[in-house]
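I have placed the structure first, in the form of structure tokens, so that the comments after it can refer back to it.
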Ligand code: ZN
């Protein structure tokens, strides 16, 4: 009899224990599920935050690159050097009518006709600093540029740094070859030039001895040719060319409130995005009160301190 009662009690106890276990397991399972859901939500939030952080880091990287470019010798640093064509850069930059100068280096190329028709449709005149070897490939270009009212200046015949900056003799040989060519094409000598790399460039120091740029500037000015640099450079000639939207934004941002922005653009065969950027650059600057001019020896435009 006692054994029967004890057996029943055992069974009851076991059933109770099983029920308790089941309840505890269910509670634990529910906690686990809730935790898993919370974890998954947290993971999603973390992934979104990481992606935002990565975007911000990439933007910081871009800005750092741009800053490094500007701080390079030959970057956007106007100076008022005491020389034949000297002027007070601050006075010029900060007063008078707002005139923007679009300049196109390194052409002519297959893009030049489209560039010329774009400028014509916008009723804008610009300045072309041409390269002799390219003029030979497009023999009508220089005359077409000049007859459309644009200015044509000397850039370089070969554009080979190692050759032109090796010595004054080499530089002047290259320079005069293009000067003669342009004179022959236009029936008058060019009165402006832009040195490859600008008046202040570290490349010339690598190839030429004793600060060749200082001699070059003196020599060129004695020929009544004015060297002109730039103070707006959207870096449109780099290998991975920026989109036209990026070119426009950089030009507008760098122009800021300058009264005489000289905008360095390129007429290279890979510079179609530059051509596409021109209408928006023109419209945006006009909306800010700028007119457009061409560079001459009389223009009070930016020139760097010779390296
Ligand atoms: Zn160039």
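The values are calculated or read from the model by the stated rules, or taken from the named source; none is laboratory data. Quick caveat, the model's predicted, so the values are computed rather than measured. Cβ atoms come from the backbone with ideal geometry, glycine included; neighbour counts cover every protein chain shown.
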Please count how many residues of the stretch 102-137 are under 15 Å from residue 266 (Cβ atoms) and within 16 Å of the ligand (Cβ to nearest atom). 18
Go through (1) away from the ligand (no atom under 13 Å from the Cβ); (2) at pLDDT below 95 and name the single condition residue 164 misses. (1)
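Filter the stretch 153-163 for residues that are over 14 Å from residue 217 (Cβ atoms) and either buried (at least 16 other Cβ atoms within 10 Å of the Cβ) or in contact with a strand residue (DSSP E or B) (Cβ under 9 Å, 6 or more places away or on another chain) (or both) and give the result. Break it down into steps so the answer makes sense when it comes.
As a first pass, look at the stretch 153-163 and keep what is over 14 Å from residue 217 (Cβ atoms): 153, 155-163.
Answer for the stretch 153-163, where residues must be over 14 Å from residue 217 (Cβ atoms) and either buried (at least 16 other Cβ atoms within 10 Å of the Cβ) or in contact with a strand residue (DSSP E or B) (Cβ under 9 Å, 6 or more places away or on another chain) (or both): 153, 155, 156, 157, 158, 159, 161, 163.
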Looking at the stretch 264-278, is at least one residue more than 16 Å from the ligand (Cβ to nearest atom), touching a strand residue (DSSP E or B) at 6+ places or on another chain (Cβ under 6 Å) and either modelled with pLDDT under 90 or assigned by TED's automatic domain parsing to the domain that holds residue 188 (or both)? no
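Would you say residue 124 is in the same structural domain as residue 186 (by TED's automatic domain parsing), in contact with a helix residue (DSSP H, G or I) (Cβ under 8 Å, 6 or more places away or on another chain) and under 16 Å from residue 178 (Cα atoms)?
Values: in the same structural domain as residue 186 (by TED's automatic domain parsing): yes; in contact with a helix residue (DSSP H, G or I) (Cβ under 8 Å, 6 or more places away or on another chain): yes; under 16 Å from residue 178 (Cα atoms): no.
For residue 124, the condition - in the same structural domain as residue 186 (by TED's automatic domain parsing), in contact with a helix residue (DSSP H, G or I) (Cβ under 8 Å, 6 or more places away or on another chain) and under 16 Å from residue 178 (Cα atoms) - is not met.
Identify the residue in the stretch 138-151 that is over 25 Å from the mean Cα position of the chain (by Cα) and touching a residue at least 40 places away in the same chain (Cβ under 8 Å) and, among all such residues, is farthest from the ligand (Cβ to nearest atom).
Let us first name the residues in the stretch 138-151 that are over 25 Å from the mean Cα position of the chain (by Cα), namely 138-144, 146-149.
Pick out the ones that are also touching a residue at least 40 places away in the same chain (Cβ under 8 Å) and you get 142-143, 146, 149.
Values: 142: 16, 143: 21, 146: 20, 149: 23 Å.
Among them, the one singled out is 149.
If only one of 302, 282, 251 is buried (at least 23 other Cβ atoms within 10 Å of the Cβ) and touching a residue at least 60 places away in the same chain (Cβ under 8 Å), which one is it? Give the derivation first.
Numbers: 282 fails: buried (at least 23 other Cβ atoms within 10 Å of the Cβ); 251 fails: touching a residue at least 60 places away in the same chain (Cβ under 8 Å).
Residue meeting the stated conditions: 302.
Across the stretch 217-237, what is the number of residues that are on the phi < 0 side of the Ramachandran plot and under 27 Å from the mean Cα position of the chain (by Cα)?
We begin by selecting, within the stretch 217-237, every residue on the phi < 0 side of the Ramachandran plot; these are 217-223, 225-234, 236-237.
Remaining after also requiring under 27 Å from the mean Cα position of the chain (by Cα): 217, 226-234, 236-237.
The qualifying residues number 12.
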Looking at the stretch 199-221, which of the residues that are part of a loop (DSSP other than H, G, I, E, B) and touching a helix residue (DSSP H, G or I) at 6+ places or on another chain (Cβ under 9 Å) is nearest to the ligand (Cβ to nearest atom)? 201
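Answer with yes or no whether residue 300 is in the same structural domain as residue 112 (by TED's automatic domain parsing), part of a loop (DSSP other than H, G, I, E, B) and closer than 17 Å to residue 100 by Cα.
Numbers: in the same structural domain as residue 112 (by TED's automatic domain parsing): no; part of a loop (DSSP other than H, G, I, E, B): yes; closer than 17 Å to residue 100 by Cα: yes.
So residue 300 does not fit the description; no.
Which count do you get for residues in the stretch 164-177 that are touching a strand residue (DSSP E or B) at 6+ places or on another chain (Cβ under 8 Å) and either surrounded by fewer than 19 Cβ atoms within 10 Å (Cβ to Cβ) or closer than 20 Å to residue 233 by Cβ (or both)?
Of the stretch 164-177, the ones touching a strand residue (DSSP E or B) at 6+ places or on another chain (Cβ under 8 Å) are 164, 174-175.
Checking the rest, the ones that are also either surrounded by fewer than 19 Cβ atoms within 10 Å (Cβ to Cβ) or closer than 20 Å to residue 233 by Cβ (or both) come to none.
Looking only at that region, the number is 0.
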Given the conditions (1) over 20 Å from residue 112 (Cα atoms); (2) within 14 Å of the ligand (Cβ to nearest atom); (3) within 27 Å of the chain's Cα centre (by Cα), and given that residue 193 satisfies all but one, which numbered condition is not satisfied? (1)
Quick one: is residue 245 surrounded by fewer than 17 Cβ atoms within 10 Å (Cβ to Cβ), on the phi > 0 side of the Ramachandran plot and away from the ligand (no atom under 16 Å from the Cβ)? no
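If you take the residues of the stretch 178-190 that are part of a helix (DSSP H, G or I) and within 16 Å of the ligand (Cβ to nearest atom), which of them is surrounded by the fewest Cβ atoms within 10 Å (Cβ to Cβ)? First the steps, then the outcome.
Taking the stretch 178-190 and keeping what is part of a helix (DSSP H, G or I), we get 178-186.
Right, trim to within 16 Å of the ligand (Cβ to nearest atom) and you get 178, 182.
On the way: 178: 23, 182: 20.
Once the filter is applied, the top-ranked residue is 182.
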